[in-house]
Ligand SMILES: N[C@@H](CCC(=O)N[C@@H](CS)C(=O)NCC(=O)O)C(=O)O
């Protein structure tokens, strides 16, 4: 398997499948295509006739070019890794929440882009506050649907945790308050060796995207 991603410092979409693969212990090669520095992503996309966005997973000649599609592909390719919980109600809930993250939380995603190396507290706009309130409700709902102990949204780590992982960096970086349940989850998530590896790798990158570094200045 070969995962094409972009800057670890900034790329929330890249983090999602990368984290799931690392936590599950799936071996893969990775290539970084720094889309704001040079032409590598555009050339790669033209060559494979896919949109010029990452993440992209290449496996057995197949190109899977969307974060959630990659995670679903992994769940099917590795059923023993239990990327989704077994319980049908919890699985349905986790799928809905993951899809909601994929298509929603637009204010949070656009006003507070992930930057896992910058601490810059900001007062959330009303639209961002509505997204934060929705996250707090989702965390309560996960707790009532899962009926099990465990540190993660479905008890054990699942695709839902991978989908929401960038929100943990956003909450820390921009000083955003969500809920005590969210803080407990975020602490457990950030303590994962894979999350630490990601942030260390990001530290070693020399690329900077000024538009993201100057948010809130
Ligand atoms: N819906 C896509 C979004 C992917 C996306 O927007 N990726 C960003 C990087 S985080 C990208 O490739 N941007 C390229 C650009 O802006 O030129 C997914 O879930 O994979």
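The values are calculated or read from the model by the stated rules, or taken from the named source; none is laboratory data. Keep in mind that what you see is a predicted model, and the values were worked out from it rather than measured. Methodologically, a virtual Cβ is constructed for each residue, glycine included, from the backbone with ideal geometry; neighbour enumeration extends over all protein chains shown.
Among the residues examined, residue 166 qualifies as within 25 Å of residue 210 (Cα to Cα), within 16 Å of the ligand (Cβ to nearest atom) and at pLDDT 95 or above. Residue 69: within 12 Å of the ligand (Cβ to nearest atom) and either outside any loop (DSSP other than H, G, I, E, B) or more than 19 Å from the chain's Cα centre (by Cα) (or both), yes or no? Considered against the rule, which asks whether it is within 12 Å of the ligand (Cβ to nearest atom) and either outside any loop (DSSP other than H, G, I, E, B) or more than 19 Å from the chain's Cα centre (by Cα) (or both), residue 69 comes out as yes. Just one residue in the set 152, 105, 93, 83 is touching a helix residue (DSSP H, G or I) at 6+ places or on another chain (Cβ under 9 Å) and closer than 30 Å to residue 207 by Cβ; that residue is 105. When we screen 64, 50 for residues that are within 13 Å of the ligand (Cβ to nearest atom) and farther than 29 Å from residue 153 by Cβ, the only hit is 50.
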